[in-house]
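Novice: I have a structure here, written as structure tokens, and I will follow up with some questions on it.
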Amino acid sequence: MQIEFIANASFKLTLASGKVLLTDPWYADGVYYGTWLNFPPLAPARRAEVEAIRPDWIYISHIHPDHLDPVSLTVYPRETPILIGRLPEPALTHLHRAIGALGFEDVRIFDFWSRQPLDGGGEFAILPQFAASNAGHADHTGYEIDTSIWLRDADGTSVFNGVDNALHDDAAREVCDRFGRPDVAILPYAGGSFFPQGCPAYSHETKLAWRDRIGARRLGDFIRHAEIVGARWTVPAAGSYVLGGRVAPFSQYLHQATPPEIAAAWEEAPFAGALELCHMASGDVIDVAAGAVVRNEAALFRSYTPAERHAFANSRASDPLPHDAVQVPDAFAIDWNRLIGKAAKTLAGAAAGMNLDIAYDIEIVVQPNTIASTPAEGVTYRFALDNGTPPPEGRRFIRFGMDDGMMLMVLLGAANWNNVEIASLLTCERVPDTQDPSIHKLMNSFKL
């Protein structure tokens with residue numbers, strides 16, 4: 001087996017039979033409503049090269065656009081089989097529909113942990129979302145979307161690709177207990193979030209402190225899980241990106257370790273001499289059977305500093321964001337209070353349907369977009385999540401702010417709340433200042 005890194009979570013796996021499995025293609029800048037850019041970037045020639053691949057299968061781990069990007073995916077023949085895991089509803093239906101809408105009809109759904117044969121030899125299994133995907137917090141909404149994949153080639157070599165599916169210690173052990181230690185483990189070391197950059201109450205120094213704290217925790221998890229899995233090569237991947245457009249300055253708060261930081265943490269680990277870190281640049285190939293790593297000397301940003309990454313993001317600060325083009329004719333006034341009030345009732349109904357009893361006050365602040373010529377003025381609408389009526393004082397409180405163009409897209413169902421958060425296109429203030437993942441997942445139901 002040969003494992004070639006392309007970008008973010010995308011790899012080309014060439015099996016001993018010559019057949020190719022492509023994972024999570026995202027090559028086009030501007031996913032998450034124009035805000036996410038691949039970093040390191042793909043050179044035009046490199047992108048043309050990977051778009052010319054004709055894979056025998058494509059594995060899509062989950063629906064987020066840095067894994068299922070319509071622009072990147074549709075350069076491949078529509079008859080290509082797409083491999084996905086049997087996610088719980090509604091995630092499975094959403095993922096299946098999103099792939100089908102792009103014209104791919106051969107979508108193959110597999111039960112989790114089930115070993116499946118590969119044409120030409122070998123086998124694979126798709127694994128479910130692990131409990132750590134919400135940073136250790138309980139998720140009461142049952143909205144699981146992530147998967148991982150394990151693959152053994154006919155030549156006996158194997159790979160575990162964790163993708164974004166954050167491991168916990170027991171899950172790492174279970175993977176090895178079920179399938180044995182892989183030759184290559186592709187493990188996450190970072191992640192996408194609006195926190196801390198989306199918290200306007202935080203000072204610059206507080207945001208930097210949160211960035212460093214979260215980044216150190218994620219890097220520590222990566223090192224610990226690499227030791228548990230015990231692969232010959234461990235590849236840090238997924239979650240490396242910068243923000244563009246007017247949110248480009250937020251890139252300085254992204255909690256992503258740089259290659260030198262990952263290497264330094266690895267060298268301090270007690271197992272460093274026994275296991276190998278393989279930080280791959282685009283075009284690098286691990287020839288697993290030969291025991292060799294072939295480097296692409298033309299790769300961009302093989303190593304970089306935080307300052308260099310931030311400078312690249314700022315070079316794209318003038319990129320337009322698609323929703324800035326949303327304009328409402330002057331003759332059509334938007335009754336924001338009425339629309340948000342209806343969405344608040346939908347949200348309360350969704351909470352009841354999930355058997356959630358959350359005594360929370362939620363405030364929605366619609367902020368005029370200073371770029372688009374929308375006529376709406378700012379408005380604030382506050383409601384109690386548990387019954388949809390005006391709330392009493394003194395309860396838990398969360399305030400979300402969003403510009404009017406994006407809020408209109410959310411209410412119409414044209415934008416997904418979770419993706420808006422990941423895009424850093426909203427603000428959030430919390431009292432008390434603690435994370436409740438159920439609230440953020442529930443907000444996906446905030447629509448008309």
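The values are calculated or read from the model by the stated rules, or taken from the named source; none is laboratory data. Treat the numbers as computed from the prediction; the structure is a model and nothing was measured. Note that we place each Cβ from the backbone using ideal geometry, even for glycine, and neighbour counts take in every protein chain shown.
Novice: Could you please find all residues in segment 292-314 being under 23 Å from F222 (Cβ atoms) and loosely packed, with under 12 Cβ neighbours inside 10 Å?
Specialist: A307, the sole residue that qualifies.
Novice: Next question. Limited to segment 275-297, what total is found for residues that are at pLDDT below 95 and under 27 Å from the mean Cα position of the chain (by Cα)?
Specialist: Residues that pass the stated criteria total 0.
Novice: Being at negative phi, of a type in the set (A, V, I, L, M, F, W, C), in contact (Cβ under 8 Å) with a residue 12 or more places away in the chain and surrounded by fewer than 19 Cβ atoms within 10 Å (Cβ to Cβ) narrows it down to one of I58, I63, I53, so name that one.
Specialist: I53
Novice: Name the single residue that is surrounded by the fewest Cβ atoms within 10 Å (Cβ to Cβ) among those in segment 427-439 being under 22 Å from the mean Cα position of the chain (by Cα) and more than 13 Å from A351 (Cβ to Cβ).
Specialist: T434
Novice: State which residue pairs qualify: first residue surrounded by 17 or more Cβ atoms within 10 Å (Cβ to Cβ) and of a type outside the set (G, A, S) and inside segment 332-356, second residue modelled with pLDDT of 90 or more and part of a helix (DSSP H, G or I) in any location, beta carbons under 7 Å apart, and separation of 6 or more residues or different chains.
Specialist: Listed by first residue and then by second, the contacts come to L339/L411; L347/S445.
Novice: May I ask you to say which residue of P270, P236, P249 is buried (at least 16 other Cβ atoms within 10 Å of the Cβ) and not acidic (D, E)?
Specialist: The match here is P236.
Novice: Quick check: anything in segment 155-162 within 27 Å of P41 (Cβ to Cβ), among the aliphatic types (A, V, I, L, M) and either not in a helix (DSSP H, G or I) or not assigned by TED's automatic domain parsing to the domain that holds L37 (or both)?
Specialist: Within segment 155-162, one or more residues are within 27 Å of P41 (Cβ to Cβ), among the aliphatic types (A, V, I, L, M) and either not in a helix (DSSP H, G or I) or not assigned by TED's automatic domain parsing to the domain that holds L37 (or both).
Novice: May I ask you to verify whether A125 is buried (at least 18 other Cβ atoms within 10 Å of the Cβ), of a type in the set (G, A, S) and at pLDDT 95 or above?
Specialist: yes
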